[in-house]
Amino acid sequence: MSQFIPAITEALRDLADADNAFWMRKYMREKYPFLGVKKPERQEVFKYLYKQYGSSGDWFEVSSQLFAMPEREFQYVAMEYVKQAKKSWDKRLPALFESWVGEDSWWDVVDFLAPQILGPYFLKFPEDRDVWIQRWMDSGNFWLQRFCLVFSLGYKDKTDTVLLAKTIQVLSGSKEFFIQKAIGWALRQYARTDPEWVMDFVGNNALAPLSKREALKHL
């Protein structure tokens, strides 16, 4: 076992706060147990321990073990561990994330994995992008479909507008809040790069009011 796992486990459990955990569970609609370690403290511990032990284990194995732990903080650490291991990423990554999302995910995981890791991954392994995007679009799982909408949030002028438009058009009839919101988010973000493209797209496509409102928020 990587030395990182017992070290981060002990450190986070030592920082556990029952009052914080109560409110964190409430915020996440009682979906997950929490230790009650807030983000700044969690990140400080992570950075310190990753510097010491981060290269002592395979990112896939370490993150898999951490993500399987019940408290949500360990799942956040698992995602951060993968992000930090960018130089070692390989083609196991998309399938791992698909398994993490499953049927019982939530926005906190999806919205970290997609733009912060999947986005850079698909730039590193461009031949994988269309295969996985098609698989997730066909899955019927709206969290995986949200992956497809928000993975390219940080792409700016590298955004594939043909793919973005196609993905939005396929999902634009969805009644799911998290899909409608993601459509607007993707368009709003790309509007920072090409506002005219976004204005034209919104004007020529039938979008849910929520999607349209989010897309045009800063235009």
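The values are calculated or read from the model by the stated rules, or taken from the named source; none is laboratory data. Quick caveat: nothing in here was measured; it's all calculated off a predicted structure. Neighbour counts are summed over all protein chains in view; Cβ atoms, including those assigned to glycine, are modelled from backbone coordinates with ideal geometry. The protein model used for the area step is the full one, side chains on, heavy atoms only, and it has no ligands, DNA or RNA in it. Shrake-Rupley method; radii C 1.70, N 1.55, O 1.52, S 1.80 Å.
Carbon and sulfur together cover what percent of the accessible area of the chain at a 1.4 Å probe radius? Percent of accessible area from carbon and sulfur atoms in the chain: 52.
Here the mean projected area of the convex hull built on the C-alpha positions of the chain is 12.3 nm². Computed from backbone phi, the HN-Hα couplings of the range 22-33 come to 4, 6, 5, 5, 4, 4, 9, 6, 6, 7, 9, x Hz, rounded to whole numbers (Karplus: 6.51 cos²θ - 1.76 cosθ + 1.60, θ = phi - 60°; Gly and Pro given as x). Per q in 0.14, 0.21, 0.30 Å⁻¹, report the Debye log10 I(q)/I(0) for the range 158-219, using one uniform scatterer on each alpha carbon and no solvent. Those come out to -0.31, -0.72, -1.50, one per q.
If r is the Cβ-Cβ distance from Phe125 to Phe177 and R0 is 45 Å, what FRET efficiency results, to the nearest 0.05? It comes out at approximately 0.90.
Listed values for the range 120-135 are Karplus-derived 3J(HN,Hα) couplings in whole Hz (6.51 cos²θ - 1.76 cosθ + 1.60, θ = phi - 60°), namely x, 4, 5, 6, 6, 10, x, 5, 8, 4, 5, 5, 6, 4, 5, 4, and x replaces Gly and Pro. With the simple spin-label model, which puts each label point 7 Å out from Cα in the Cβ direction, the Lys86 to Ala165 separation comes to 3.0 nm. Across the chain, the mean sequence separation of Cα contacts (distance under 8 Å, 6 or more residues apart), normalised by length, yields a relative contact order of 13 percent. May I ask for the percentage of alpha-carbon pairs in the range 94-219 that lie more than 21 Å from each other? Within the range 94-219, distances greater than 21 Å cover 33 percent of Cα pairs.
Taken over the range 3-62, the ratio of Cα radius of gyration to 2.2 N^0.38 Å equals 1.25. The GluC sites (Glu not before Pro) of the range 62-142 that DSSP puts in a loop, and whose beta carbon has at most 16 other beta carbons within 10 Å, are Glu103. Each of Asp194, Asp130 has its accessible area taken with a 1.4 Å probe; listed largest first, they run Asp130, Asp194. Would you mind checking the range 170-185 for residues with the amide N under 11 Å from a putative spin-label position 7 Å along Cα→C-beta of Arg29? Hits in the range 170-185 for Arg29 at 11 Å: 177-178. A 1.4 Å probe run over the protein chains yields, for the chain, 51 Å² of accessible area per residue, whole-number rounding. Rounded to the nearest 500, the 222 nm mean residue ellipticity of the chain from helices alone is -19500 deg cm²/dmol, with -39,500 (n - 2.57) taken per DSSP H run of at least 4 residues. Relative to the longest principal axis of the Cα atoms of the chain, the long axis of helix 195-204 makes an angle of roughly 60 degrees. For the range 1-130, the spread of Cα coordinates along the three principal axes comes to 47, 33, 22 Å, biggest extent given first.
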